[in-house]
Every structure is written in C-alpha cells, then in structure tokens.
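The values are calculated or read from the model by the stated rules, or taken from the named source; none is laboratory data. Keep in mind the model is a prediction, meaning the values are calculated, not measured. Here the Cβ is made from the backbone with ideal geometry for all residues, glycine too, and neighbour counts use every protein chain on show. Protein only, heavy atoms only, side chains kept; ligands, DNA and RNA dropped before computing areas. Shrake-Rupley method; radii C 1.70, N 1.55, O 1.52, S 1.80 Å.
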Amino acid sequence: MYFTVSAEAQILLAICIFYLYDAAVGLQAGEGLLRRTRSNSWRAQLATQGFELRRAYLLWPPVLQPHQPVYRLRWNPGHIRLPDESPAVQELARHAASFAPFVLPLYLLALLLFGALPASFFVLHSETAQLVALALIYLSTLWLALLCVRHGRLGHTEARTARSVAIQILLCPPFALNAVRKLSLACSPACDLPQAARQLAAPGDWQALAKAMHATIEEQIAELHDSDHADDAQQQRLQAALRQLEPHLPAGDAEAL
C-alpha cells in the first residue's frame, strides 16, 4: 500500500523541518542557554539538560516564541561567583530589549507561513492566493533582513554577522523566524550563566538551575574520587562551589544537605 503526499503538503513539511532544524542550538558541556520568557522573566538551562549528541548537546528554545532572544553562556563548575549586581548582566538585559522592532514582522511571517500559505493551498485552491501569500512572505523576510542589517549598524551585533544573517534568511524564509535567536546567540556577554540567571531569573527558575548545577558539581566530585589521579585542588574548588550554591537551593533540598 502506497501513500502519496501532495506537493503542497511537502512544501509545508519542508518549512517546518527547516524552521526546527535552524532553531536547534548546539552546546558544549560547560555551556547553557539563558532565554527571556513570555512573561519577560528569564529562564536558564544547562547544556546537559538537552539531547546528547557526540559529546555535544542540542537544546530547542520554545518554538512558539521566536521573538525572545536566547544567549549562550559558559559556566565553570569550579568557579561559582554570585554577585548581587553585575553591570555585564544589565548590559545583556539592554541588549535583549533591542529586539523589540522584530516582533511584528516575525509574527506576521509566522502567520503567513503557517496560516495564509496553507489556506491558499488547501482551502482557497487559488493560484492567485498562493502568489499573494508567497509575495507577502518574501516582503516580510526582506523586512526582517533589513532589521538585521540595522541591528548591526546600531552596534547591537557585529555588522558582518548581521549581514550574514540577513543573507541567510533571504535565501530561506523559514530561517527568518529565527532571526532574533541568530543575532542574540552571536552576542558574547561578559557575564557567565550563574551570574546572569541569579540576577535575571525568577526565584523558582533560579533555584531550579542552582539545583541542576549543584547536581552536576556533585557528579564531578564523585568522578574525581573514583579517579586514580585525584586532584585535591580541583576537589576543593568544587566543594567551594557547592557551598556557594547551597543557600540558593529549593527549601527542601537545602534542608536535606
């Protein structure tokens, strides 16, 4: 028994695959993602909370929130510093605010790709409607490409990187849905993941991250104990990091220590 998929359905499937493929973020073990949420709070994830793939990890930011910036930040399990205020974290928050002009064209493009184009294929069955939808898709993509270039000219992103992103999304409109993520991931904040999450994330989200980091450090200490070449200095640094995190753990976990 054979199943056939229409050309229109194949086009929509390809759009979804391109979008999801481009939205994936590859991370190393000592990295994590910090992203702004729908409520304009912040949430962080460690790379090890994603899908492991050949000693690297894949994380997908929420696919229904393409306007929210995502930042790749490093963290060192043996060196945890949690200042109350950090100018670098405030600079990161200001950088996130620079993406406000992208919101309207991003959601217009999403509506066209996943609403107007399917309607022209399966409801209206009109070539004219299809051409109009495609024209609007490319106009929205051009709008986003110009915003990328402008972002570089304003100094929020390196100009060459901004131009590169603009060219990518012009060549493949589904990639344009990730324009904000591409530009924010190209940023290199001066703060690390624990500092930024401590200052920006909601208390519950910060405690969840502190718990995940605490567990990761405990695993590293256990590996050092089992190693034939134990590094006492490294163990002391890891123990000091645990003590830094313990006051920030959820109440039940802190009492169990």
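Is it fair to say Q68 is open to solvent by 20 Å² or more (accessible area, probe 1.4 Å) and either of a type in the set (S, T, N, Q) or in a helix (DSSP H, G or I) (or both)? I'd like the intermediate steps shown before the answer.
Values: open to solvent by 20 Å² or more (accessible area, probe 1.4 Å): no; either of a type in the set (S, T, N, Q) or in a helix (DSSP H, G or I) (or both): yes.
Judged against the criteria, Q68 is not a match.
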Checklist line | Residues located in segment 146-177, provided they are over 25 Å from L92 (Cβ atoms), over 18 Å from the mean Cα position of the chain (by Cα) and open to solvent by less than 60 Å² (accessible area, probe 1.4 Å) | finding: C172, P173
Next item on the list: Output the residues belonging to segment 71-127 that are surrounded by fewer than 13 Cβ atoms within 10 Å (Cβ to Cβ) and among the charged types (D, E, K, R).
Entry: D84, E85, R94, E127
Note to self: Can you tell me which of (1) loosely packed, with under 13 Cβ neighbours inside 10 Å; (2) among the polar types (S, T, N, Q); (3) within 21 Å of the chain's Cα centre (by Cα) is the one Q236 doesn't meet?
What the structure shows: (3)
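Report yes if L224 is at pLDDT below 95 and assigned to a helix (DSSP H, G or I), otherwise no. Give the steps one after another, and end with the answer.
On the way: at pLDDT below 95: yes; assigned to a helix (DSSP H, G or I): yes.
Answer is yes for this residue.
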Check: Taking only pairs six or more apart or across chains, which ones have beta-carbon atoms under 7 Å, a first residue in segment 2-31 that is outside any strand (DSSP E or B), and a second residue that is among the aliphatic types (A, V, I, L, M)?
Finding: I15/L113; Y19/L177; L20/V63; A23/V63; A24/L58; Q28/A47; Q28/A56; A29/A47
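Pick from segment 71-113 the residues that are β-branched (V, I, T) and not in a loop (DSSP other than H, G, I, E, B): which of them is nearest to I137 (Cα to Cα)? Break it down stepwise before answering.
Kept after step one, since they are β-branched (V, I, T), are these residues of segment 71-113: 80, 89, 103.
Remaining after also requiring not in a loop (DSSP other than H, G, I, E, B): 89, 103.
Values: V89: 36, V103: 15 Å.
Among residues in segment 71-113 that are β-branched (V, I, T) and not in a loop (DSSP other than H, G, I, E, B), the one nearest to I137 (Cα to Cα) is V103.
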Next item on the list: Return the residue satisfying two criteria in turn: it lies in segment 2-49 and is of a type outside the set (G, A, S) and in contact with a Gly (Cβ under 7 Å, 6 or more places away or on another chain), and of such residues it is farthest from L177 (Cα to Cα).
Entry: L46
